[in-house]
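S.K.: Just dropping this structure here.
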Amino acid sequence: MSSPCDPLRAPAGDVGAALMMVDSRLKAVYDRRTRTDPEQQALVDQFAASLGPDGVDDLLDGACTLIYMFMQWLRMAYEDHGKDVIECVVPSLVASMRMMTKSVRPEAIPTMAGLVVAAGTGLSPSLWRKQYGYWTETELTPLEATAFLLAEHINRITDDQDFATRMITEALSQVAED
């Protein structure tokens, strides 16, 4: 029986744009720039404003696709070591988000944890979320933070600050070749 949240039914969205935003945040953190650069934020805001409603939906779907791909990689990595991905990822993700009090409101954390659990169990985070209605304004930054935290988790366990970005870039290149 097929699930209504089957990833094959989900739009991939603009994975490249979502990856660009996550990679930009990763590089800033790795360069020890923890405060948002006003110029960079202005560019991100300008980019988001230029998307229009369909473009924003594509970016949201792209971020969910990243979350799905990151969680699938993490699931395989943890299973290789006899561990459960949900047990190894969700508690630290929630703890990290709880510390991000300026950008992640507490009420958004359960939704982000649900997205990660959905992705970790093979469901589309985008379709899982859509069954509860449209994205709210307070969920947009936490969604980006979720993709960022998963990418950083992958980079940390691989001891390679570019691994997560490179993995997605290579996957996108492979799809383009096929």
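The values are calculated or read from the model by the stated rules, or taken from the named source; none is laboratory data. Please read these numbers as outputs of a predicted model, since none were measured by experiment. Every residue, glycine as well, gets a Cβ built from its backbone with ideal geometry; the counts of neighbours run over all protein chains shown. Calculation scope for accessible area: heavy atoms of the full protein, side chains included, ligands and nucleic acids excluded. Shrake-Rupley method; radii C 1.70, N 1.55, O 1.52, S 1.80 Å.
S.K.: Quick one: count up the residues across the stretch 121-133 that are open to solvent by 50 Å² or more (accessible area, probe 1.4 Å) and either farther than 15 Å from MET71 by Cα or within 11 Å of the chain's Cα centre (by Cα) (or both).
M.R.: Count: 3.
To keep it simple, each residue is scored yes or no on (1) in contact (Cβ under 8 Å) with a residue 12 or more places away in the chain; (2) of a type in the set (Ser, Thr, Tyr); (3) in a helix (DSSP H, G or I).
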site: ASP57; (1), (2), (3): yes, no, yes
site: CYS64; (1), (2), (3): yes, no, yes
site: ILE67; (1), (2), (3): yes, no, yes
site: LEU74; (1), (2), (3): yes, no, yes
site: GLU79; (1), (2), (3): no, no, yes
site: GLY82; (1), (2), (3): no, no, no
site: SER96; (1), (2), (3): yes, yes, yes
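S.K.: OK, next. Conditions: (1) in contact with a His (Cβ under 8 Å, 6 or more places away or on another chain); (2) open to solvent by less than 10 Å² (accessible area, probe 1.4 Å). SER92 meets all but one. Number of the miss?
M.R.: The one condition SER92 does not meet is (2).
S.K.: State all residues of the stretch 59-96 that are of a type in the set (Gly, Ala, Ser) and under 23 Å from MET20 (Cα atoms); if no residue qualifies, say none. Let's see the steps before the verdict.
M.R.: In the first step, residues of the stretch 59-96 are kept if they are of a type in the set (Gly, Ala, Ser); the result is 62-63, 77, 82, 92, 95-96.
Correct list: GLY62, ALA63, SER96.
S.K.: Select from the stretch 65-89 the residues that are hydrophobic (A, V, I, L, M, F, W, C) and open to solvent by 50 Å² or more (accessible area, probe 1.4 Å) and list them in ascending order.
M.R.: Selection gives MET69, TRP73, MET76.
S.K.: I'd like the full set of residues that are more than 12 Å from the chain's Cα centre (by Cα) and open to solvent by 30 Å² or more (accessible area, probe 1.4 Å), limited to the stretch 134-160.
M.R.: TYR134, THR136, GLU137, THR138, ARG156, ILE157, THR158, ASP159, ASP160
S.K.: Another question about this same structure. Given the options ARG33, ARG75, name the one that is out of contact with any Asp or Glu (no Cβ under 8 Å at 6 or more places or on another chain), of a type in the set (Lys, Arg) and at pLDDT 95 or above. If you could, list the steps in order and put the result at the bottom.
M.R.: Values: ARG33 fails: at pLDDT 95 or above.
Criteria check complete, one pass: ARG75.
S.K.: Taking the condition of a type in the set (A, V, I, L, M, F, W, C), modelled with pLDDT of 95 or more and open to solvent by 80 Å² or more (accessible area, probe 1.4 Å), does MET99 pass?
M.R.: yes
S.K.: Being in contact (Cβ under 8 Å) with a residue 40 or more places away in the chain and among the basic types (Lys, Arg) narrows it down to one of ARG105, ARG129, so name that one. Please lay out each step first, then the result.
M.R.: Values: ARG105 fails: in contact (Cβ under 8 Å) with a residue 40 or more places away in the chain.
From the options ARG105, ARG129, the qualifying one is ARG129.
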